[in-house]
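What follows is a single structure, written as structure tokens, with notes after it.
Bear in mind these aren't lab numbers, they're just calculated from the coordinates by the rules spelled out. Given the structure is predicted, the values throughout are model-derived calculations rather than measurements. Methodologically, a virtual Cβ is constructed for each residue, glycine included, from the backbone with ideal geometry; neighbour enumeration extends over all protein chains shown.
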Amino acid sequence: MTKYVVANWKMNGDLNLIKDYAQFFQNHHLKSHLIVCPPSPYVWASIGAGFDVGAQDCHFAESGAHTGNVSAKMLKELGCTHVIVGHSERRLNHMETDGLIHKKAKAAIDQGLIPIICIGESIEDRENEETEQVLMSQLKTSCPDAKTGFMVAYEPIWAIGTGKTATPSDIEKIHELMRTFLGDDIPLLYGGSVNAKNAYTLINLKNVDGVLVGGASLKLDEMKEITDLGGS
Ligand code: PGA
């Protein structure tokens, strides 16, 4: 099965990085389904560059007095296929709740976009042995009721940008929980310090349909390797 590779540039990258990505991916037969999520000013320039394009967030309203926000409708009009919602950096730095993320995911689906809903436990949750409880609560409240039309990324907060990844057995345990709850038609991604060295192991774990890559996605050489894996 084709694996997903989602590149989350966060507030990084520039037009040159898009050009470099386009030069390579437009002329390369992809073994993975690549979705690149640049900062919103670069979305337009990324369309048609040889991969699907996603945004990093959207507002739940179609339009209105929401200074600084973009709507799912606008993203769809530009040619986006996906949008990340509920990334832990949005949850923590912008006080986003599961209820708000649910509304954003629903707005995305209503506009024909595929939301990539992120969930993840903090280091405190982990130390208190509350990981499963926290994740199930996030899943139940932030995901739409539908059985298809969205993706979920498990990203332990303590693994993001730290060089630490969850162990294969922990990831398989969490992904099995998610699979049981969400069914077979929701692609399940793992994110948190994924790079060219560990991607092969991570992408081939049971119930892992792909990876969400942050820091390493800013290095084209790493992305060439990760997107070439395709799963075994
Ligand atoms: P990272 O980020 O790969 O740099 O850990 C992943 C993410 O936050 O999406």
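Taking other Cβ within 10 Å of each residue's Cβ, how do Tyr190, Tyr42 sort, fewest first?
The fewest-first ordering by Cβ neighbours comes to Tyr42, Tyr190.
Quick one: Debye curve from the C-alpha atoms of the chain, no solvent, what's log10 I(q)/I(0) at q = 0.08, 0.13 Å⁻¹?
At q = 0.08, 0.13 Å⁻¹ the computed log10 ratios are -0.26, -0.71.
If each residue's Cβ is checked for other Cβ atoms within 10 Å, how do Glu155, Glu176, Glu129, Glu89 rank with the fewest at the top?
The most exposed by this proxy come first: Glu129, Glu176, Glu89, Glu155.
Which of these, Gly50, Gly163, Gly112, has the largest mean-square fluctuation under a Gaussian network model of the chain (Cα springs below 10 Å)?
Looking only at Gly50, Gly163, Gly112, the biggest GNM fluctuation is shown by Gly163.
Pick from Asn207, Asn128, Asn69: which is most flexible by mean-square fluctuation in a GNM of the chain where alpha carbon atoms under 10 Å apart are linked?
Maximum among the listed residues: Asn128.
If neighbour count is taken as other Cβ atoms inside 10 Å, put His33, His82 in order from fewest to most.
His33, His82
With springs only between Cα atoms under 10 Å apart, run a GNM on the chain and tell me which of Thr167, Thr180, Thr67 wobbles the most.
Of Thr167, Thr180, Thr67, the Gaussian network model singles out Thr67 as fluctuating most.
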